[in-house]
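One structure is given below, encoded as structure tokens.
Every read-out reported here was derived from the displayed coordinates using simple, explicitly stated rules and does not represent laboratory data. Remember, predicted model here, so these are calculated numbers, not experimental data. We place every Cβ from the backbone using ideal geometry, glycine too, and count neighbours over all the protein chains shown.
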Amino acid sequence: MIIPRPTRILGLAVAVTLALTATGLLLSGSTPTGDPGTALPASAGRTALVPRDLTGQADAFFAQFAQHTTVVVESHLPRRSRVPLRSALSYVDRFTASRFVYGSCPADPAAAYCIRVYQGGLANPAWAALTDWQGTSARIVFATRYYERRGFPYRYRYVGAVHELGHAMGIWAHNPSAASAMYYYLPRAGSTFDAGDVAVLSRH
Ligand SMILES: [Zn+2]
């Protein structure tokens, strides 16, 4: 039986996806799409996949929410996405001065810092998730192609969520240590924050 052409194309797509998984999934390249009045350092763009230190390059940006003690997490995740968001949040919460609350983001952006969480498609197929900023709120998008795949390991899901929440809570730079959850490749990443990560988180 002749395999119809579309099936072969699909097979190739699956093979490419599996190869990416085997070599490591990139975690977030964070994209500052925030309001123009919030100047992020030019060096902090999404392509900066080189080791950098964690001394807050984005302090000026994050200073605007450091005053908030409440962080509202507004989830738009479909049930099928299976992101272990609560487990990741309870871990991140241990290191911040903030208090996480689930609910709807307040209309007044001054009332609380807001993290909106979605699932969707990402521009780079190697990215498992992405964090960016829209105005004064953060947005995390978990890639549908991985988070809806049954075989995508729980550990990857969990570390991916911890990693993006780390970005959303002020860790702008990736950690050059593969032992940190803030490393840029998922399979090699540790599942915890190291001392450098915690030093940034503790300021928020
Ligand atoms: Zn990242």
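Remark: spin-label model distance Ser202-Arg150 equals 4.5 nm, labels positioned 7 Å along the Cα→Cβ axis. Rounded to 0.05, the FRET efficiency of the Gln134 and Asp108 pair, given R0 = 25 Å and the Cβ-Cβ distance, is 0.95. Centre-to-centre separation between the Cα atoms of segment 135-189 and those of segment 112-134: 10 Å.
In order along segment 136-146, the phi-based Karplus estimate (6.51 cos²θ - 1.76 cosθ + 1.60, θ = phi - 60°) of 3J(HN,Hα) comes to 9, 10, 9, 10, 10, 10, 8, 5, 4, 4, 9 Hz; Gly and Pro are listed as x. Computed from the Cβ-Cβ distance with R0 of 30 Å, the FRET efficiency linking Arg94 to Asn124 stands at 0.45.
Sorted fewest first by neighbouring Cβ atoms within 10 angstrom, Thr131, Thr70 come out as Thr70, Thr131.
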